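Have a look at the structure below, then the notes.
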Amino acid sequence: MKEGLLCAVSLLLLVRFSVPQNVICYEHIDKNKGECMGILADDVSEEDCCLNINYGFKRDHTGSCEACHVAEWSEWTPWFPCTVPCLEGVKQRRRACYGKGECPDASKTETIQTAPCIEKTCCPVSGGWSVWLGWSACSVTCGKGSKTRKRICNNPLPACDGSCEGSGTDVDQCEVTTQCPTHGNWDSWQSWGQCFGTCKDEAGHQVPIQTRQRTCSNPPPSVNPPGNPCVGPAEEQRQCSWLPFCPVNGNWGPWGAWSDCPVTCGVGRQTRNRECNNPAPRHNGQPCPGSSILYKSCTVKTNCPVDGKWTEWSGWSECDRPGKVIHCKKYAGQQRRTRICTGRDYGGNPCDGVIMESRQCYNFKNCPLSGNGIWPEWSTWSNCYPHCGSNAKKRRTKICQPIYPNYTLIIQTPTKKNETVVFWGTPRQFCAPIGSVKYKFEEELSCLNVPDCED
């Protein structure tokens, strides 16, 4: 009996813990932030949500956003600002892998890139002030006023958009002994008198009058010397036409029918609406409480179409020409590269474009060339590796560029189409030696002002 009870409990626990947990389904993922957007349903199976591979889901409201599609890299974020405002620093950008499984191309798995940057080639240098110049005349002809004096930021001059600390103008009070007349000025208006009633009905009624007063006492006009009196009336009237109509609160009309499920595959969201028109709110009356729209999820158990996506192009094939030896000769050959359209399923669109590209070429792989090549300018600096910490380095190179023969670089193909011809393969030619170097210079320097690595 006990063994049977234990078996039943074990079976119940097995069934309980083998039931898949439902998820919260979203219609969009912000790939730069990794956030799920636009909730569709808060209690559907992961399988139903992912009938549309463009959707994302969370396993609970506080969980991270997961994508339904096969793992792929997000776009790189824009570069963040340089770590210093002047001289050399670094800037960083980030990306993330979202989706099921691992992102393609295991050789390109970096999620942070760090590159050298210079916002300004110099840092601001502060200048110094000259001595103060003389005071200006007082700003008034009677009573109290102000006077100013100035100084110039030129001792020394600032450099690289620098400035002098402090102000170039000094202000002080001054007084002229001649007595000024005091002109009258109105004091503030007193409060309006009371209007009887706080609102009017929509039919309207007689509009009451209200008044307010003010006094010429801020200040009163002087007698000797005589000041001007206040200009304008001491009393003001107006109608209480601003009184609002009495408010009418809104009330809901009946709910409409549920809409059809808006999708032909996967999870969608149905809606039904009601209007606040029974009556509608008027004259600042309260709006209807609650929402005008209701949602419920719906599922069409059909996989959504998945469009194909191109893989990266393969490398160019060997430059050749069937039936003819073209190596190190003035005969054009052809190269090809291919790519594959992957992932297309459930009637999705095929990849747009061609599966193969070709180009005309001259095969100069390991061909000896006479004379010297040309040393180019330095390449731009590489990104900093590692991307954080004081050991980050940057590199640049200068590689000897061969001088190819003066071959025709535009030819007419059998299809009567003009095509550009490229030189393919690295020939054997060196540049005039600089020291002991004939082929390649490489320079490595420390990156400056690199952020510390996070623990």
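The values are calculated or read from the model by the stated rules, or taken from the named source; none is laboratory data. Computed from a prediction, not measured in an experiment: that's the story for all the values here. Positions of Cβ are generated from backbone atoms using ideal geometry, with glycine treated the same way; all protein chains shown enter the neighbour counts.
Inspect region 246-255 for any residue being touching a strand residue (DSSP E or B) at 6+ places or on another chain (Cβ under 6 Å), under 30 Å from residue 40 (Cβ atoms) and modelled with pLDDT of 80 or more and give the result as yes or no.
yes
Can you find a residue that is among the small types (Gly, Ala, Ser), surrounded by 13 or more Cβ atoms within 10 Å (Cβ to Cβ), under 30 Å from residue 57 (Cα atoms) and in contact with a Cys (Cβ under 7 Å, 6 or more places away or on another chain) anywhere in region 248-262?
Checked against the condition, which is being among the small types (Gly, Ala, Ser), surrounded by 13 or more Cβ atoms within 10 Å (Cβ to Cβ), under 30 Å from residue 57 (Cα atoms) and in contact with a Cys (Cβ under 7 Å, 6 or more places away or on another chain), region 248-262 yields no hits at all.
Filter region 14-32 for residues that are closer than 25 Å to residue 75 by Cα and modelled with pLDDT under 80 and give the result.
Once the filter is applied, which keeps residues that are closer than 25 Å to residue 75 by Cα and modelled with pLDDT under 80, region 14-32 yields 31, 32.
Checking residue 169 against (1) at negative phi; (2) surrounded by 12 or more Cβ atoms within 10 Å (Cβ to Cβ), which single condition isn't satisfied?
Among (1) at negative phi; (2) surrounded by 12 or more Cβ atoms within 10 Å (Cβ to Cβ), residue 169 violates only (2).
Considering only region 363-455, give the strands (runs of 3 or more DSSP E) lying wholly within it that have at least 1 residues that are touching a residue at least 24 places away in the same chain (Cβ under 8 Å) and not aliphatic (A, V, I, L, M).
Output list reads 393-399, 418-424, 440-446.
If you go through region 117-133, how many residues are under 30 Å from residue 395 (Cα atoms) and hydroxyl-bearing (Ser, Thr, Tyr)?
Qualifying residue count, region 117-133: 1.
What single numbered condition from (1) surrounded by 13 or more Cβ atoms within 10 Å (Cβ to Cβ); (2) within 30 Å of residue 89 (Cα to Cα); (3) of a type in the set (Asp, Glu) fails to hold for residue 357?
Result: residue 357 fails condition (2) only.
For the structure I just gave you, tell me whether residue 207 is touching a strand residue (DSSP E or B) at 6+ places or on another chain (Cβ under 7 Å) and within 30 Å of residue 226 (Cα to Cα).
No; evaluated as a whole, the condition is false for this residue.
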